[in-house]
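Asker: My questions will all concern the structure given below.
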Amino acid sequence: MVREYGEDDDDLVIVHDALEFGECHLAIAIPKYGIFSDVSSLAELCAMPQWSAERPLRIVTGYRHLGKQFIEKSGLKHVQLLTADGALEAAPAMGTADAIIDLVSTGTTLRENNLKEINGGTILNSQGVLVASKNSLHHRKTALQITREILERIEAYLRAKDQFLITANMRGKSKDEVANLILEGTNFHGLQGPTINTVFTKKNGKVQEDYCAVVICVTKKYLYDAVKQLRKVGGSGVLVSPLTYIFDEEPARVQKLMKKLNCG
């Protein structure tokens with residue numbers, strides 16, 4: 001939608017370009033049957049002798065701007081671009097179009113309508129983005145402040161995605177000794193390094209410092225490997241909890257936004 005309707009809008013600024021949801025791609029699709037049955041690439045579609053000025057290749061789409069750009073670059077000749085909204089997949093079967101340009105996610109709708117994608121037919125890959133008005137960010141009270149906070153929260157959330165916090169108790173004479181066990185005996189050291197705190201226990205009426213609590217951050221993929229390695233170097237009472245946000249230094253996207261707006 002941004003590329004179709006907002007590419008030439010000077011007031012539009014993309015605040016975040018990869019929100020990691022709504023992933024799909026815009027592509028050309030043709031029937032699996034008839035004259036297209038053996039066509040599997042854009043080059044083969046371009047080489048088909050059927051299309052002429054009198055009988056152009058009819059492509060229906062709801063993305064006319066992007067469709068026109070694609071046709072101009074594709075090498076396709078004698079094309080008639082038709083505009084329609086909704087149920088584009090039925091157009092070839094109804095005889096109102098030869099091909100479609102539409103969004104594809106899983107491909108199920110194409111298969112259900114006996115259509116196929118072709119090699120070289122992907123126009124662009126897409127996912128959810130966050131956009132804003134430059135004018136609003138410059139002139140509306142608190143708009144930039146709120147947008148910046150939203151962006152920071154998004155970045156922190158995406159950074160924490162699939163990350164887990166592991167806490168384990170380890171016996172040791174000092175924090176340095178425990179730190180050495182973690183750094184030398186495991187492959188998991190946290191973001192910058194393990195956090196190590198003293199664990200106080202009471203024995204025979206006296207407070208003792210025989211244990212340290214080790215805290216590290218690991219991805220979900222390596223969660224059990226990290227637990228096993230911690231146990232191997234003496235870890236016990238291992239606690240695991242998911243992370244919601246990881247706020248670090250100012251994200252690059254915040255810096256990029258401020259630069260676009262010429263803000264310090």
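The values are calculated or read from the model by the stated rules, or taken from the named source; none is laboratory data. Given the structure is predicted, the values throughout are model-derived calculations rather than measurements. Note that we place each Cβ from the backbone using ideal geometry, even for glycine, and neighbour counts take in every protein chain shown. Please note that ligands, DNA and RNA were not included when accessible areas were found on the heavy atoms of the full protein model with its side chains. Shrake-Rupley method; radii C 1.70, N 1.55, O 1.52, S 1.80 Å.
Asker: Identify all residues within the stretch 79-117 that are touching a Leu at 6+ places or on another chain (Cβ under 6 Å) and open to solvent by 70 Å² or more (accessible area, probe 1.4 Å); write none if there are none.
Answerer: Of everything in the stretch 79-117, just one residue is touching a Leu at 6+ places or on another chain (Cβ under 6 Å) and open to solvent by 70 Å² or more (accessible area, probe 1.4 Å), namely 103.
Asker: In addition: Can you pull out the residues in the stretch 140-162 that are free of Cβ contacts under 8 Å to residues at least 12 places away in the same chain and touching a Leu at 6+ places or on another chain (Cβ under 8 Å)?
Answerer: Answer for the stretch 140-162, where residues must be free of Cβ contacts under 8 Å to residues at least 12 places away in the same chain and touching a Leu at 6+ places or on another chain (Cβ under 8 Å): just 143.
Asker: Ok, one more. Checking the structure you have, find out if any residue of the stretch 116-139 is modelled with pLDDT of 95 or more, of a type in the set (Lys, Arg) and either touching a Lys or Arg at 6+ places or on another chain (Cβ under 8 Å) or within 23 Å of residue 43 (Cα to Cα) (or both).
Answerer: Yes, the stretch 116-139 contains a residue that is modelled with pLDDT of 95 or more, of a type in the set (Lys, Arg) and either touching a Lys or Arg at 6+ places or on another chain (Cβ under 8 Å) or within 23 Å of residue 43 (Cα to Cα) (or both).
Asker: Something else about it: Which residue, of 44, 72, is surrounded by 12 or more Cβ atoms within 10 Å (Cβ to Cβ), out of contact with any strand residue (DSSP E or B) (no Cβ under 6 Å at 6 or more places or on another chain) and either among the β-branched types (Val, Ile, Thr) or more than 30 Å from residue 254 (Cα to Cα) (or both)? Steps first, answer last, please.
Answerer: Working: 72 fails: surrounded by 12 or more Cβ atoms within 10 Å (Cβ to Cβ).
Only one candidate qualifies: 44.
Asker: Mind counting the residues in the stretch 196-254 that are farther than 22 Å from residue 178 by Cα and touching a Ser or Thr at 6+ places or on another chain (Cβ under 8 Å)?
Answerer: Selection size over the stretch 196-254: 0.
Asker: List, please: which pairs have Cβ atoms under 9 Å, are six or more places apart or on different chains, and start with a residue in the stretch 188-203 that is touching a residue at least 40 places away in the same chain (Cβ under 8 Å) and open to solvent by 70 Å² or more (accessible area, probe 1.4 Å) and end with one that is charged (D, E, K, R) and assigned to a loop (DSSP other than H, G, I, E, B)?
Answerer: Hits for this filter: 191/248.
Asker: Are any of the residues in the stretch 192-212 over 30 Å from residue 11 (Cα atoms), in a helix (DSSP H, G or I), of a type in the set (S, T, N, Q) and more than 28 Å from the chain's Cα centre (by Cα)?
Answerer: There is no residue in the stretch 192-212 that is over 30 Å from residue 11 (Cα atoms), in a helix (DSSP H, G or I), of a type in the set (S, T, N, Q) and more than 28 Å from the chain's Cα centre (by Cα).
Asker: With the requirement that a residue be assigned to a strand (DSSP E or B) and closer than 26 Å to residue 152 by Cα, what does the stretch 218-254 give you?
Answerer: 218, 219, 240, 241, 242
Asker: If the requirement is being surrounded by 15 or more Cβ atoms within 10 Å (Cβ to Cβ), in contact with a His (Cβ under 8 Å, 6 or more places away or on another chain) and modelled with pLDDT of 95 or more, which of these qualifies: 154, 166? Walk me through how you get there before you give the answer.
Answerer: Values: 166 fails: in contact with a His (Cβ under 8 Å, 6 or more places away or on another chain).
It is 154.
Asker: So if I check each of 261, 243, 230, 165, which one is touching a residue at least 60 places away in the same chain (Cβ under 8 Å) and within 30 Å of residue 135 (Cα to Cα)?
Answerer: Working: 243 fails: within 30 Å of residue 135 (Cα to Cα); 230 fails: within 30 Å of residue 135 (Cα to Cα); 165 fails: within 30 Å of residue 135 (Cα to Cα).
Among 261, 243, 230, 165, only 261 is touching a residue at least 60 places away in the same chain (Cβ under 8 Å) and within 30 Å of residue 135 (Cα to Cα).
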